[in-house]
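For reference, the structure discussed in these notes is given below.
The values are calculated or read from the model by the stated rules, or taken from the named source; none is laboratory data. These numbers come from a predicted model, not from an experiment. Cβ placement follows ideal geometry from the backbone for every residue including glycine, while neighbour counts extend to all protein chains displayed. Calculation scope for accessible area: heavy atoms of the full protein, side chains included, ligands and nucleic acids excluded. Shrake-Rupley method; radii C 1.70, N 1.55, O 1.52, S 1.80 Å.
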Amino acid sequence: IDPSKQKELQWFRNGARVNLAEENRLYRSSLCVQPVTKEDNGVIFTCQLKGDASMNSSIEFDVQ
């Protein structure tokens, strides 16, 4: 197993994978959502470890 794959992160928007640049996937990752619209209300973004989906964190947008 490629050791870098053990540290690769993935982002999902309501369960659909978000494409990330390779340099934004290893060890740490960030996601910029722009522009945010009323349609984004309730959308859930999840970041997870590619090799272990149990290692994850999610945020739900509350657009006023």
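Summary table below
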{"quantity": "Matching residues, segment 21-53, being open to solvent by less than 90 Å² (accessible area, probe 1.4 Å) and over 12 Å from GLN10 (Cα atoms)", "calculated": "VAL33, VAL36, THR37, ASP40, ASN41, GLY42, VAL43, ILE44"}
{"quantity": "Scan of segment 2-21 for residues that are at pLDDT 90 or above and on the phi < 0 side of the Ramachandran plot, ordered by number", "calculated": "GLU8, LEU9, GLN10, TRP11, PHE12, ARG13, ALA16, ARG17, VAL18, ASN19, LEU20, ALA21"}
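Table: residues versus (1) part of a loop (DSSP other than H, G, I, E, B); (2) touching a Cys at 6+ places or on another chain (Cβ under 8 Å).
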| position | (1), (2) |
| --- | --- |
| GLN10 | no, yes |
| ARG17 | no, no |
| GLU23 | no, no |
| SER29 | yes, yes |
| CYS32 | yes, no |
| PRO35 | yes, no |
| THR46 | no, no |
| SER57 | no, yes |
| ASP62 | yes, no |
